[in-house]
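One structure is given below, encoded as structure tokens.
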Amino acid sequence: MHRRILIVAGEAFVRDVVRLSLVGLGAEVRCTSGCEGMRASCRRATFDLIIVLQAAMFLCGGNPVREVRPAGLRHPAIYVLSWQQAEQTVLSLLEAGVDQYMTFPVNLQRLRRKVADELDRRW
Amino acid sequence: MVNPMIDTLYKIYAVLALATACALSAGALFAALRERRRRGHDAMLRAKYLHALMLALSGGERRMPYFPLFGHPGTRLLLCETIAGLVSITYGLDTALLRHAIDRYGLDRWMLRHVRRCRGYRRARALALLACLPSDETMAAAVAPYLRSRNRYVRFYALTVQLAADPAHALRYIESYDGPLSVSEVAELMALLRRGILPLAYGPLLEARSLKLRRVGLAIVRQFGIEEAEGRLLQFVADTSEPELGREALYALCSLRCSLLRREVAVFIAGMDLRERRALLRCMALEGYALNTMRRLFEDEERPYYETLVQSYKRSLA
Amino acid sequence: MKALLLLLLCTVGAAACFVLRSVLRGRNKRRLLRDAHGIGSSLSEEIGISVLCSGIDAPERIDALLGSEYTRFETIVVLDAGGFPDEFARLTARYRMIRVEWHGSQEFPTSDIRTLWRSRRRNCRRLVLVDRPQRADGSASEGSVTDWNAAASVAAYDYLLPLDGRTALLPDAVMRIVAELGEHPAGAVDAVRSRIGMPVALIARDVVVEAGGFGKRMLRQVPRRRRLVLWEPLAGRADRAEAAKRARVAKNMLRTAVIAAFLATGGAVAAGYWTGAAVTAAAAVVAGAAAYGRQALAFDESAFDGKTLP
């Protein structure tokens, strides 16, 4: 078995930056754009970590966390990175089941360390 | 006598209009081809440049990354956009390596020439890209002429280039900036601050004599929720010489959810017109201030307005 | 007579070039602001926008509106729970809405709000649902106006953006409007409108209050110096299939018009009929400018291909 990470982002450039910063962690990194893509990817494979690069997905009516996580489990872990600083947004995301919220601009080494720790914790 | 002249004018008009129409059609065709290239070739090349940069950055090597097709038309701008894009969404990158790449390929000098060639918002965008390229103090002097531009975006992004190139003198640059800073511009300065470029502390900014610096300080207080600045905010509210700064300070107090039951606040609110008072009441309702606070700050006639607003956040038990 | 016609042709050519220049400037500004990250994250503290929705009950559209990355923003949906009980129930269940207290507004003359609903979920707190009975006798536009008035009476922010069922905001429209407002001192702008795409206008709440609610020619009440005009699209057609079809037709028509105008000008010049040549050349300028403008705006269109528009 090997570790898998899914990156969800609408913007290709940011997605590539995060994907390339995670190279060498011994995990398979897949990318998709949008909520639909995330759902489809999660149906096809099991991920250890999902990194979403936009907060908007969690601020509308749906509950993407519940859709990708089997009931009662805290797996896969979900990290969100976005430009939003507002306290209400952060609380909304945490309430929706997001495990980590980070704001842009992001320190790539720090992100990489966090992801590595997360994967180690789960394996 | 008139007719031959009119006929000549018609001829001139027809020729000029035809030439303009040809130019516009060629422009449309060129724009279509450029858009196609942007989506295909440029996107692919940008991904390759980013890959090369990220590999070099993660490897910690000082070896210059290889950028395929570099030197071909448009590739310099593409590499500048890639580096600027990477720098703008991250902090703590190895700027020495980026600086090395920029020096090696002469990107900053090329970008300065590009800035000179562009006009209007394209020049502002070129300056915004330049502000993200790691550079030294000489760049601050090189963009100084653009601080006098008629386009406020050009002026502002020239300032950001100066701030990024020579952060040690950030206060001086902001203070000498021509004209007031708009809300959008202060927000952009906050983005620079979060990237760790500006060595600004809120204390000296709030104490500064310059209104621009005070506004930046106020934005920092609001952005990072610095409750320790409450006393200084109250002083701004009490200072009648700068009513706009007082208004901003009052909203900052609101967003920090500080107690508004202060004499300074009451005096300031009494001087506001009905429109501003209602806007403040709506803001207070959103921030969750109690009816009791409102009663002591506003007059009795305004109570029903605020009560309706507050009630609309309460569950109906009927 | 001929001199007047020449003057008219000059005016037409100059106007086409002016509009094209404005569109290109708008495109460049949008491109610049798309990378300005501070506006979305830090400006959120300053400028608040309430989107007032009439005739919008599809959850996908409401989701798309709520998905805005801008924080000081709310969506107020007006729906008749009596006339559309299934749609209303679907929305209240989807967003876990609860009924809240409502005692009427002092600012707007709307007494027909039946109930007011807010979400109990924090991530949907930017949604407000207004239950307002719809009258069968009024026209569709009158219905929209009364819906917007009802929504305005519960709005929390200083700027109102009315939307009807046919119109959908482009994904970055809110950010673009906010950036434009942020350029000016607080309270200096009363209206922002776009001259391209589906008509949509942002109006200061106080202007609507002073006018006694929304009405026809609302923007005319705003002095010119307090009005901002954008030469870029802020909204499109909600029906994307229809919009794509119309765009294809317009593109083909423009192409045909450019070719026809060139051919006609050539023919007129060959025949020595210079008045006709000037007229057709002016038509070629207009068609060429329109084709160039369309191509410039394609940069924006490509950003939301295949997405549900808010």
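All of the numbers you see were taken from the coordinates with simple rules; none came from a lab. Keep in mind that this is a model prediction, so the values were computed, not measured. Virtual Cβ from ideal backbone geometry, glycine too; neighbours counted across all protein chains shown.
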Projected label distance in nm at B:His169 and C:Thr115, using a 7 Å step from Cα toward the beta-carbon: 6.6
What three numbers, in Å, describe the spread of the alpha carbons of chain B along their principal axes, ordered from the longest? 78, 72, 49
Bin all alpha-carbon pair distances of region B:1-123 at 5 Å intervals from 0 and give each bin's fraction as a whole percent. 2, 9, 14, 16, 14, 10, 7, 6, 5, 4, 4, 3, 2, 2, 1, 0, 0
Residue (of A:Leu20, A:Gln54, A:Leu6) at the positive-pole extreme of region A:1-80, dipole from beta-carbon charges: A:Leu6
Sorted from largest down, give the three principal axis spans of the alpha carbons of the protein assembly as shown, whole angstrom values. 85, 74, 61
Pairs of Cα atoms under 8 Å, at least six residues apart: use those to get the relative contact order of region C:43-236, whole percent. 24
Only helical DSSP H runs with n ≥ 4 go in: add -39500 (n - 2.57) per run for chain C, normalise by residue count and round the 222 nm mean residue ellipticity to 500 deg cm²/dmol. -16000 deg cm²/dmol
Listed residues B:Leu29, B:Leu133, B:Leu193; largest mean-square fluctuation, Gaussian network over chain B with Cα springs below 10 Å, found at B:Leu29
Among B:Ser176, B:Leu18, B:Leu147, which residue has its Cα furthest toward the positive end of the charge dipole of chain B, with +1 on Lys/Arg Cβ and -1 on Asp/Glu Cβ? B:Leu18
Let's see if you can work this out: charge +1 on each Lys and Arg Cβ, -1 on each Asp and Glu Cβ, no other charges. What is the dipole magnitude of chain A about its Cα centre, in debye to the nearest 20? 380
Taking the DSSP beta bridges in region C:43-236 as the whole, what percent of them are antiparallel, to the nearest 5? 40
Cβ charges +1 (Lys, Arg) and -1 (Asp, Glu), total dipole of the protein assembly as shown, debye: 2260
Which lysines does B:Lys11 reach when only Cα atoms under 24 Å apart count, and residues fewer than 8 places away in its own chain are ignored? C:Lys2
Kindly state, to the nearest 0.05, the FRET efficiency for B:Leu256 paired with B:Glu301, given R0 = 25 Å and r defined as their beta-carbon distance. 0.35
When the helices in chain A are scored as -39500 (n - 2.57) per DSSP H run of 4 or longer and the sum is shared across all residues, what 222 nm value do you end up with, to the nearest 500 deg cm²/dmol? -12000 deg cm²/dmol
What whole number of Å gives the distance from the Cα centroid of region B:246-281 to the Cα centroid of region B:110-162? 38
Sequence-distant residues sharing a close amide H with A:Val106 (under 5 Å, placed H): B:Thr90, B:Tyr91
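May I ask for the percentage of alpha-carbon pairs in region C:43-236 that lie more than 20 Å from each other?
On the way: 9832 of 18721 pairs.
Counting pairs separated by more than 20 Å, the tail of P(r) holds 53 percent.
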Separation of region A:1-79 and region B:207-242 by C-alpha centroid, Å? 41
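About the Cα centre, and with charges only on the beta carbon of Lys, Arg (+1) and Asp, Glu (-1), how big is the dipole of region C:43-236? Nearest 20 debye, please.
Taking the Cα centre of region C:43-236 as origin, the dipole is about 80 debye.
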Please report, in whole Å³, the volume per residue of the convex hull around the C-alpha atoms of region B:189-318. 120
Note to self: C-alpha centroids of region A:87-109 and region C:225-253 sit apart, in Å, by 35
Membrane-span-like helices (DSSP H runs, Cα span along own axis at least 20 Å, mean Kyte-Doolittle at least -1.0) in chain C -> C:2-34, C:140-154, C:240-271, C:274-301
Estimated D of chain A in µm² per second, where Rh is the Kirkwood radius over Cα pairs and Stokes-Einstein applies at 37 °C, 0.692 mPa s: 228
